[in-house]
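The values are calculated or read from the model by the stated rules, or taken from the named source; none is laboratory data. Just so it is clear, the structure is predicted and the values come from calculations on it, not from any experiment. Backbone-built Cβ (ideal geometry, glycine too); neighbour counts: all protein chains shown.
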Amino acid sequence: MSKNNQKLIIIVIVVLLIMTSLLAVFISLNIEDNDNGNSGNNNSSKPIINKEISRLNDTDEYFAAQNTINYFYDVREQNNAKELLTLLNEEYVNSNEITEANILDYIVLENDNINFHASEIYYNAESNITYYFMKGYIVGDSFIKEDTYDDNIYFLVIVDMDNNYSIMPLSDINNIEEYAKNYDIKETYIDNNTLFTETNLEEQDKIINYINNYSDLMFLDVDKAYNMLDDNTKEIYLNKNIFADNITNIYEKLFTSFYATSSKENTDNIVYKVQNHDGDTITITEYYPNDYKIGFNFVGGE
């Protein structure tokens, strides 16, 4: 064999080896891409459930969860049986034999303009199906009835992978945190197209919300309102009776227009200060959303 033929054969062999190597790499990459794609599909179709319960401290998420309950009450007040049924958790509906025909008799409102205020919310973080366990109180008013107030209202709100939610009223609860820890969380798909939407609550709106809610509590639950006073303010109102005698004066001063607001974030709380044009100061020390102490420094006294 001539040297030229030998060189040609060597060149052909080298080219074939290179082409074979390239083909192997291409096939390998293709297989890896397919595996990754399949893995992604599997992950998206199987929920990630984290059963560890913690107390919710995100303001926007907190008030979004609270809003689901207030929307539930709004739908009930409108006597919209069909939509009310879609909001209720399917397990709750089936176990209580609730239908569109009887739901308005089953979910009864004692008054108009019901507002739910969540005082504690526990949830399972890092899950793409989230369970919100809520304790709170309701306030309702009417022209012909006395105001409604109930400080032992409990709900479970479940949000699925598609961000749809359903609501389960709870009863016979002594400790919402313990209930949440022992609840048997399971995979859920909710087919009602009612989306859980986070809020975007501005700082001043939250402060106004707290002051409004506290003003209601002073008349509805003096014990609770007194216990929400910070230590400095309790030195002014030494007991509940002294506080109760001054509620009307306090109420009037709480609703003067704001002049300035400020906030300071600490390790365990956020302190909001509000000053009005008279120089009066309101201090709100927030530990969790809707969980706060309040104090007053009225320059002109009572």
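For (1) under 28 Å from Asn213 (Cβ atoms); (2) touching a strand residue (DSSP E or B) at 6+ places or on another chain (Cβ under 6 Å), each residue gets a yes or a no:
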| residue | (1), (2) |
| --- | --- |
| Asp150 | yes, yes |
| Asn164 | no, no |
| Ile167 | yes, yes |
| Asp172 | yes, no |
| Asn175 | yes, no |
| Glu178 | yes, no |
| Thr188 | no, yes |
| Asp191 | no, no |
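Quick one: in the range 258-302, of everything that is small (Gly, Ala, Ser) and either in contact (Cβ under 8 Å) with a residue 12 or more places away in the chain or closer than 19 Å to Asn246 by Cα (or both), which residue is surrounded by the fewest Cβ atoms within 10 Å (Cβ to Cβ)?
Step by step, filter the range 258-302, then rank; the result is Gly301.
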| Does the range 214-222 contain at least one residue that is at pLDDT below 95 and under 21 Å from the mean Cα position of the chain (by Cα)? | no
| Filter pass, Glu202 being surrounded by fewer than 16 Cβ atoms within 10 Å (Cβ to Cβ), among the acidic types (Asp, Glu) and in contact (Cβ under 8 Å) with a residue 60 or more places away in the chain | no
| remark: Per the filter on the range 99-131, residues assigned to a loop (DSSP other than H, G, I, E, B) and either surrounded by 19 or more Cβ atoms within 10 Å (Cβ to Cβ) or of a type in the set (D, E, K, R) (or both) are Glu100, Glu110, Glu126, Ile129
| task | State which residue is nearest to Gly136 (Cα to Cα) when the search covers only the range 264-302 and only residues that are in the same structural domain as Asn209 (by TED's automatic domain parsing) and acidic (Asp, Glu). | result | Asp291
| note | Checked the range 129-180 for anything in contact with a helix residue (DSSP H, G or I) (Cβ under 8 Å, 6 or more places away or on another chain) and basic (Lys, Arg); matches are Lys135
| query | How many residues, within the range 228-241, are surrounded by 12 or more Cβ atoms within 10 Å (Cβ to Cβ) and not basic (Lys, Arg)? | reply | 7
| Evaluation of Gly140 against (1) touching an Asp or Glu at 6+ places or on another chain (Cβ under 9 Å); (2) part of a loop (DSSP other than H, G, I, E, B) (one fails), failing number | (2)
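Conditions (1) more than 17 Å from the chain's Cα centre (by Cα); (2) closer than 25 Å to Gln204 by Cβ; (3) among the aliphatic types (A, V, I, L, M); (4) outside any helix (DSSP H, G or I), marked per residue:
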site: Ile49; (1), (2), (3), (4): yes, no, yes, yes
site: Ser54; (1), (2), (3), (4): no, no, no, yes
site: Ala65; (1), (2), (3), (4): no, yes, yes, no
site: Thr68; (1), (2), (3), (4): no, yes, no, no
site: Tyr71; (1), (2), (3), (4): no, yes, no, no
site: Arg76; (1), (2), (3), (4): yes, no, no, no
site: Asn79; (1), (2), (3), (4): yes, no, no, yes
site: Tyr92; (1), (2), (3), (4): yes, no, no, no
| Out of all the residues in the range 235-250, which are of a type in the set (D, E, K, R) and part of a loop (DSSP other than H, G, I, E, B)? | Glu235
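So that you can scan it fast, the table gives a plain yes or no per residue for (1) small (Gly, Ala, Ser); (2) modelled with pLDDT under 95:
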{"position": "Asp230", "(1), (2)": "no, no"}
{"position": "Lys234", "(1), (2)": "no, no"}
{"position": "Ile242", "(1), (2)": "no, no"}
{"position": "Asp245", "(1), (2)": "no, no"}
{"position": "Asn249", "(1), (2)": "no, yes"}
{"position": "Gln275", "(1), (2)": "no, yes"}
{"position": "Gly279", "(1), (2)": "yes, yes"}
{"position": "Tyr287", "(1), (2)": "no, no"}
{"position": "Ile294", "(1), (2)": "no, no"}
| note | Being more than 30 Å from Glu126 (Cα to Cα), of a type in the set (Lys, Arg) and in a strand (DSSP E or B) narrows Lys264, Lys273, Lys224, Lys253 down to just Lys273
| Selection within the range 228-252 - touching a Lys or Arg at 6+ places or on another chain (Cβ under 9 Å) and more than 15 Å from Ile282 (Cβ to Cβ) | Asp231, Phe243
